[in-house]
Amino acid sequence: MKFITANFDQYDGKDIQAYIGLDGFSGLKKAIEMGPLATIEEVKESGLQGRGGAEYPTGRKIEQARIEKAERKFVICNADEGEPGTFKDRELIKKDIYQLIEGMIIVAYCANANEGVIYCREEYDWMHEHICTSILKCKEMGYLGDNILDTGFSFEISLFSGAGSYVCGEGFAMCESMEGKSGRPRSKPPYVKQEGYLNYPTLVINVETLSAITAIMKFGTSNFTDLGTPDCPGTKVISISGKVNKPGVYEVPFGKTLEEIIALAEGVKGDKRIGFVQIGGASGGILPESALKTQFTYRELKSKQVSVGSGAIVVADEDDNILDYLENVGQFFIHESCGKCVPCREGNRQLEILLGKFKHKTATIDDVKMYKDILDMMSEASLCGSGRTEPVPFKTAFTYFEDAFALGGSHEIL
Amino acid sequence: MVETRVIDGILGAYQNDAVNLLQILLKVQSVEPKNYVSEEVAMYVANHLDIPISRVYEVVTYFAALSHKPQGKHVIQICNTTVCQLNGFNEVLKWFKDALKINPGETTADGLFSMKLTPCIGACDISPAIKIGTNVYGNLTKEKVEEILSELRGAIS
């Protein structure tokens, strides 16, 4: 299934003429022909939701950006792909960056923004030159710069490198880092869309979302909504990794079961059974093998307390220990917490202590209560979306792997 | 410290504007042979951007990609996050520790290699993976690790 990734391996990802030969920039031309308002309606119609993990309806997001009035307005492409297990944006940049840039131009045109930034994570520094070169080629061809395609609309894009901070994928933390400060989220409101980068209205939008906008404009909304399910249209670019035979990036229509998706990666290594899977990134939910018949849609996953998130699927086999895995997730959050708010900064440390007790089978009833209380407190009281979703893997693991959380004394102590 | 005209060039490319501090520091660190932002350089940058040195240190110490301590010529970043943990991070770490006789956070006596643990580098499809400079190496085996190290050692002599 190829919609967003239709151009993958059809050209080398660098040659702009080859991209144009594949009907490149026809989505932009169509958007210009239709005008900003009709284009926004088209994106709304497609049902597209933010693909970085926040799942905010994209059409509405662009519309809200359009309404903001200011001297300067920014579109930031969020290429700070930091969710462990996620590498689909890497492929979208490497194999079809012009589709991404075209999406940025369409969005900027609709939102009436003249300045764009691709915020790419430092870990992808090996692609930074590729990004800059591609921006320049678009400029040479007149797709960026002044008076794009005789519309009177002007738009420029520059590259900004992150510096190894997971939290900077959050809108405000990203803006802070771009302003030469440590990347810590700000309190809301005002929101990024109102007062973001340099306190100007800023539209932060994920690589895949932008790429999807181009594809939707190029192939037509109905061709997108024909895929997937009626309540969850379209396709999703998924990163599958872990104990599978063929890890990689796969585009799938919504509505496939998790089992079917994992089968694309040709099953578990060494003919073992699946132990558990984590969906959507480090702050994504963890499901047991018995839940793999669940359909991959926003609603179905939600019914299992899981979300689509970044679209990562990490597969562990029957020999992998869920508590070791959770400990690793927790250490990641401890390392990446910006330290600004107490629930995330301290909560993760307390979770680490409690997980140790579960692991050594010394946990008491009070520890279980504390574990749940800390998770609730983190979800309720953290400042940013990162802190609020960090409890998800710990909660879902507790729900689906009760045995691992047995109290001290009730199991044999090893 | 690297020549001041190199730093001046970097500052100029970013309009001597403190708003670009993070990009300036990444560039400055990349031209410093020991891969770090020294106190001397931090002071120089702060003075030229007309900001307190504490602001420079706030940024240098916050971001994982920046260092205020000297590092080896090659910084070996070993991914220790979920997917690599499942796929053999512990072994990869041991191979590097055995070969270099250092622990994460340390630098070899000859100043060639530093080793550090890093969260996900987005190479989960070739996990277990590491990153050295702008190169990503995946599907690591003991032999591959030895190969990488001898190649990097050879490139110096």
Which of the residues belonging to segment A:177-205 are within 14 Å of chain B (Cβ to nearest Cβ) and either surrounded by fewer than 24 Cβ atoms within 10 Å (Cβ to Cβ) or of a type in the set (Phe, Trp, Tyr) (or both)? A:Glu179, A:Gly180, A:Lys181, A:Ser182, A:Arg184, A:Tyr197, A:Leu198, A:Asn199, A:Tyr200
Give just the number: which of (1) closer than 20 Å to A:Gly52 by Cα; (2) part of a loop (DSSP other than H, G, I, E, B); (3) not β-branched (Val, Ile, Thr) does A:Phe332 not satisfy? (2)
Looking at segment B:124-139, which of the residues that are more than 7 Å from every other protein chain (Cβ to nearest Cβ) and in a loop (DSSP other than H, G, I, E, B) is surrounded by the fewest Cβ atoms within 10 Å (Cβ to Cβ)? B:Asn139
Yes or no: B:Leu93 surrounded by fewer than 22 Cβ atoms within 10 Å (Cβ to Cβ) and in a strand (DSSP E or B)? no
Top-ranked residue of segment A:146-168 - restricted to ones that are closer than 16 Å to A:Cys77 by Cβ and within 12 Å of another protein chain (Cβ to nearest Cβ), ranked as farthest from the chain's Cα centre (by Cα): A:Ser158
Among residues belonging to segment A:262-303 that are among the small types (Gly, Ala, Ser) and in a strand (DSSP E or B), point out the one that is farthest from A:Gly85 (Cα to Cα). A:Gly275
Residues that are buried (at least 23 other Cβ atoms within 10 Å of the Cβ), β-branched (Val, Ile, Thr) and either under 19 Å from A:Val268 (Cβ atoms) or modelled with pLDDT of 95 or more (or both): does segment A:325-336 have at least one? yes
Does B:Glu58 satisfy the condition of being within 20 Å of the chain's Cα centre (by Cα) and either assigned to a loop (DSSP other than H, G, I, E, B) or free of Cβ contacts under 8 Å to residues at least 24 places away in the same chain (or both)? yes
Out of curiosity, is A:Lys340 farther than 22 Å from A:Arg184 by Cβ and among the basic types (Lys, Arg)? no
Hey, any hits in segment B:11-33 for a residue that's closer than 22 Å to B:Gly111 by Cβ and not in a helix (DSSP H, G or I)? yes
Test: residue in segment A:208-228 that is within 14 Å of chain B (Cβ to nearest Cβ), among the hydroxyl-bearing types (Ser, Thr, Tyr) and more than 30 Å from B:Asn35 (Cα to Cα): no
Give just the number: which of (1) in contact with a Ser or Thr (Cβ under 6 Å, 6 or more places away or on another chain); (2) assigned by TED's automatic domain parsing to the domain that holds A:Phe87 does A:Phe3 not satisfy? (2)
Yes/no for B:Val45 being touching a residue at least 40 places away in the same chain (Cβ under 8 Å), more than 22 Å from B:Asn135 (Cβ to Cβ) and in contact with a helix residue (DSSP H, G or I) (Cβ under 9 Å, 6 or more places away or on another chain): no
Subset of segment B:45-62 [crowded, with 21+ Cβ neighbours inside 10 Å and at the interface with another protein chain (Cβ under 8 Å from one of its Cβ atoms)]: B:Val59, B:Tyr62
So, A:Glu83, is that one within 14 Å of chain B (Cβ to nearest Cβ), in contact (Cβ under 8 Å) with a residue 60 or more places away in the chain and of a type in the set (D, E, K, R) or not? yes
Which ones in segment A:35-50 are among the aliphatic types (A, V, I, L, M) and surrounded by 15 or more Cβ atoms within 10 Å (Cβ to Cβ)? A:Ile40, A:Val43, A:Leu48
Answer with yes or no whether A:Gly47 is over 15 Å from A:Val237 (Cβ atoms) and within 17 Å of the chain's Cα centre (by Cα). yes
Could you tell me which numbered condition A:Gly53 fails, if it satisfies all but one of (1) crowded, with 22+ Cβ neighbours inside 10 Å; (2) modelled with pLDDT of 95 or more? (2)
I need every pair where a residue in segment A:267-284 that is touching a residue at least 60 places away in the same chain (Cβ under 8 Å) has its Cβ under 8 Å from the Cβ of a residue that is surrounded by fewer than 24 Cβ atoms within 10 Å (Cβ to Cβ) and part of a strand (DSSP E or B), sequence separation at least 6 or different chains. A:Phe276/A:Pro288
Residue check for B:Gln77: within 11 Å of another protein chain (Cβ to nearest Cβ), free of Cβ contacts under 8 Å to residues at least 12 places away in the same chain, crowded, with 21+ Cβ neighbours inside 10 Å and not in a loop (DSSP other than H, G, I, E, B): no
So in segment A:232-250, with the set limited to residues that are at the interface with chain B (Cβ under 10 Å from one of its Cβ atoms) and among the polar types (S, T, N, Q), which one is nearest to B:Gly88 (Cα to Cα)? A:Ser241
Under 9 Å between Cβ atoms, which residue pairs at least 6 apart in sequence (or on different chains) link something in segment B:117-146 that is more than 15 Å from A:Gly164 (Cβ to Cβ) with a partner that is among the basic types (Lys, Arg) and buried (at least 21 other Cβ atoms within 10 Å of the Cβ)? B:Tyr137/B:Lys131
When every residue in segment A:21-43 that is touching a helix residue (DSSP H, G or I) at 6+ places or on another chain (Cβ under 8 Å) and assigned to a loop (DSSP other than H, G, I, E, B) is compared, the one nearest to A:Phe153 (Cα to Cα) is A:Phe25
All conditions in (1) crowded, with 22+ Cβ neighbours inside 10 Å; (2) part of a helix (DSSP H, G or I) are true of A:Val306 except (2)
Can you say whether A:Thr58 is touching a helix residue (DSSP H, G or I) at 6+ places or on another chain (Cβ under 8 Å), within 14 Å of chain B (Cβ to nearest Cβ), surrounded by 23 or more Cβ atoms within 10 Å (Cβ to Cβ) and β-branched (Val, Ile, Thr), as far as the supplied structure shows? no
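The values are calculated or read from the model by the stated rules, or taken from the named source; none is laboratory data. Keep in mind the model is a prediction, meaning the values are calculated, not measured. Because the Cβ atoms are built from the backbone with ideal geometry, glycine has one as well, and the counts that use them run over all protein chains shown.
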